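Coordinate-derived values only; no laboratory data. Only a predicted model underlies this, so the values are computations on that prediction, with no experimental measurement involved. Cβ sites come from the backbone with ideal geometry, for glycine too, and all protein chains shown count toward neighbours.
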2 protein chains.
Amino acid sequence: MSASRLEQEIREQPQALARLLDGVEADVAPVAAVVRDRAPAYVLVAARGTSDNAARYAQYLFGARLGLPVALAAPALTSVYGGESRLRIRDGLAIGISQSGRSPDVIEVLRAAHAGGSPTVAITNDPSSPLAEAADFVVALRAGEEQAVAATKTYTTSLAAVAALAAAIGPSDGDGAALRRMPEVMTQAVELAFADAPALDGAADDRHLVSVGRGVNLATAFEVALKVRELSGVVAEGFSPADLLHGPIAAVRSGARALVTAYDGPTRGSFDEVVAALEARGAVVAFIGEDRTLAGDRPLARTPAGVTEWLTPLVAVVPGQVHALRQAALRGLDVDRPAGLTKITSTF
Amino acid sequence: MSASRLEQEIREQPQALARLLDGVEADVAPVAAVVRDRAPAYVLVAARGTSDNAARYAQYLFGARLGLPVALAAPALTSVYGGESRLRIRDGLAIGISQSGRSPDVIEVLRAAHAGGSPTVAITNDPSSPLAEAADFVVALRAGEEQAVAATKTYTTSLAAVAALAAAIGPSDGDGAALRRMPEVMTQAVELAFADAPALDGAADDRHLVSVGRGVNLATAFEVALKVRELSGVVAEGFSPADLLHGPIAAVRSGARALVTAYDGPTRGSFDEVVAALEARGAVVAFIGEDRTLAGDRPLARTPAGVTEWLTPLVAVVPGQVHALRQAALRGLDVDRPAGLTKITSTF
């Protein structure tokens, strides 16, 4: 049986990451210089779908490591209400993330930022796209063409582009070195993910999956949920532990599945309460993480050991991608062309 | 049968709104003066749960009517990562929304903003709460004690507080007058909601509800989903049409229910495509709106006619509240004390 394009692209992630890292320092250096020079009050990130999960990573990474507040743009503000009163984006830095570079509402946010005198950055897999043309600076993903509808290698390269930008802006010299080791780490992550993902399989008729993550891995929780949902049609939702406990857990019933992405580090204390609450409701909990410290004897898909917390999202998503691929295969679905989805959504 | 506290509080919303409006102009005037004086580059809003949906309303309202970008805070940034690197919130205006005024992570965001020299505002039902004490300015909701776990009157008064703040900041004098008519409009809205909500009932074993709204009513879509979810345990999710089409619709199956909140105005063109896509998947679509222009012959819960678009969220949520109440009653659940939820979530 020949591998699906999706599986090929999941397996290409180490090479895509290596290509990104070969070129990204030159791309991010002028952006970092502008940030140091102008000291924007905040960063505005515009994105949709998978790219919006990369934007969520930027929110936590820039906030935690640079002290820089990040606003996730409401694209409808420019596309729906943009006619009469344009958003005044001044004293900011605007970043648009779009693998295709063709999301019209993301382009509109960058145009509004430019009009407000704020520097603009496009993170895109197509450096000749309209988004790239609209931006002052372009960070090219270099992921190669992505043919599967569900984004994988453009997601992890987007995360790496965001991480490279943070490393270039920030004061710490060790960050760049940690990032440059990631292609090798990603090779191990892909191997581990394919080895361990069967441990995450539930029954193929599972209807509800809750994906939980915290801090930088809230992005992972959202992206794993989106992948499972797009590929398998399972109602999969991403939550932080606090948000899940703050009401939405009421809909978790016996037999629902929960996938908790959890690492040692600042977020470690966040998981005991939510796992206990999920299990009290009869949910079946599995983990993505480095080892069994947090998972105990529950099903676990491992990622390589020793990755610094802020870079764990690059590898934590991989078992989720493979899990989504398996869930689709178990249901006999076409993973390269999920029913009713298209690669580029141009919806306003 | 005596009415539940929840039903009493839904019915109290016109009076709560009238009390809020009696005092709110004096509360918001000094905030509006500071905004005009200091012209913050952006607004940062911190909130959890239902209050986070009011924050979403602020994002669209301040953006569309004032051109002022709004960032929704990631509270975990201060609670989880706050130890070493504090968020630098300068040249901003920070608003914390919490009915109890006791969410520790919301309080932390205001403290960080104060440390960064940004003015801070507490929107809370308890003007002597720690949140109020931490803020430079307090906008009191005056909703009266809310005893049901699910927030209703504190949500609509929070929306009105946000609207009053926008009206005080903005250039248009007519806005205040439109807002002052809302208690009377809300009286009609409550009557209409109890009359029409039965049209929204599905079978009591429905497992999946998709709540859709756009622009200022994205907040309504999220809040209706949260109410249904908290009270009835149905997996209810809120989406904008664009976000739903951008992947998550893959999990909508035949027999799923969709509740679309749609009004004439700038967002009107957003609904045809998503309703067609939902119905193509076999979802049963019902509407909340002013009349049958958008709903056609589908089930409709009406809200009073002639409300200006930016104030529709105050009344659009009411049929959703009553729908959630009915869904819980149909399942024999205690609407005042949903299983496993508490009124104040202090989770970091």
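Within region B:176-194, track down each residue that is in a helix (DSSP H, G or I) and either free of Cβ contacts under 8 Å to residues at least 12 places away in the same chain or on the phi > 0 side of the Ramachandran plot (or both). Lay out the reasoning, then the answer.
Of region B:176-194, the ones in a helix (DSSP H, G or I) are B:176-180, B:182-194.
Within region B:176-194, B:A177, B:E191 qualify.
Identify the residue in region B:244-289 that is touching a helix residue (DSSP H, G or I) at 6+ places or on another chain (Cβ under 8 Å) and acidic (D, E) and, among all such residues, is farthest from B:P313 (Cα to Cα).
Top of the filtered list is B:E273.
For B:A301, are the conditions met, namely being buried (at least 17 other Cβ atoms within 10 Å of the Cβ) and in contact with a Lys or Arg (Cβ under 9 Å, 6 or more places away or on another chain)? It would help to see each step written out before you state the result.
Numbers: buried (at least 17 other Cβ atoms within 10 Å of the Cβ): yes; in contact with a Lys or Arg (Cβ under 9 Å, 6 or more places away or on another chain): no.
So B:A301 does not fit the description; no.
Filter region B:88-108 down to the residues that are under 23 Å from B:Y57 (Cβ atoms) and within 8 Å of chain A (Cβ to nearest Cβ) and list them by number. Please lay out each step first, then the result.
Step one: of region B:88-108, the residues under 23 Å from B:Y57 (Cβ atoms) are B:89, B:92-103, B:105-108.
Hits for region B:88-108 are B:I89, B:G92, B:D105.
Quick check: anything in region B:222-230 of a type in the set (K, R) and under 20 Å from B:D52 (Cα atoms)?
Start the filter on region B:222-230 by keeping residues that are of a type in the set (K, R), which leaves B:227, B:229.
Now drop any that are not under 20 Å from B:D52 (Cα atoms), which leaves B:227, B:229.
Scanning region B:222-230 turns up at least one residue that is of a type in the set (K, R) and under 20 Å from B:D52 (Cα atoms).
Hey, can you tell me all the residues within region A:252-277 that are hydrophobic (A, V, I, L, M, F, W, C), facing chain B (nearest Cβ under 10 Å) and either touching a residue at least 40 places away in the same chain (Cβ under 8 Å) or over 25 Å from B:E223 (Cα atoms) (or both)?
Applying the first criterion (hydrophobic (A, V, I, L, M, F, W, C)) to region A:252-277 yields A:252, A:256, A:258-260, A:262, A:271, A:274-277.
Keeping just the survivors that are facing chain B (nearest Cβ under 10 Å) gives A:252, A:256, A:274, A:277.
Listed by number, the residues that qualify are A:V252, A:A256, A:V274.
Considering only helices (runs of 4 or more DSSP H) fully contained in region A:36-143, which possess at least 3 residues that are within 16 Å of the chain's Cα centre (by Cα), of a type outside the set (A, V, I, L, M, F, W, C) and closer than 27 Å to A:L218 by Cα? Spell out how you get there, then give the answer.
Working: elements: A:50-66, A:76-79, A:104-115, A:130-134.
Hits in region A:36-143: A:50-66.
When you go through A:T220, A:T156 one by one, which is the residue that is within 29 Å of A:A33 (Cβ to Cβ), under 15 Å from the mean Cα position of the chain (by Cα), buried (at least 24 other Cβ atoms within 10 Å of the Cβ) and β-branched (V, I, T)?
Working: A:T220 fails: within 29 Å of A:A33 (Cβ to Cβ).
None of the others qualify; the one that does is A:T156.
Yes or no: region A:247-267 includes at least one residue that is in contact with a Leu (Cβ under 6 Å, 6 or more places away or on another chain) and at positive phi.
There is at least one residue in region A:247-267 that is in contact with a Leu (Cβ under 6 Å, 6 or more places away or on another chain) and at positive phi.
Report whether or not B:D206 is touching a residue at least 12 places away in the same chain (Cβ under 8 Å), more than 14 Å from chain A (Cβ to nearest Cβ) and among the acidic types (D, E).
Numbers: touching a residue at least 12 places away in the same chain (Cβ under 8 Å): yes; more than 14 Å from chain A (Cβ to nearest Cβ): no; among the acidic types (D, E): yes.
Spelling it out, it is not the case that B:D206 is touching a residue at least 12 places away in the same chain (Cβ under 8 Å), more than 14 Å from chain A (Cβ to nearest Cβ) and among the acidic types (D, E).
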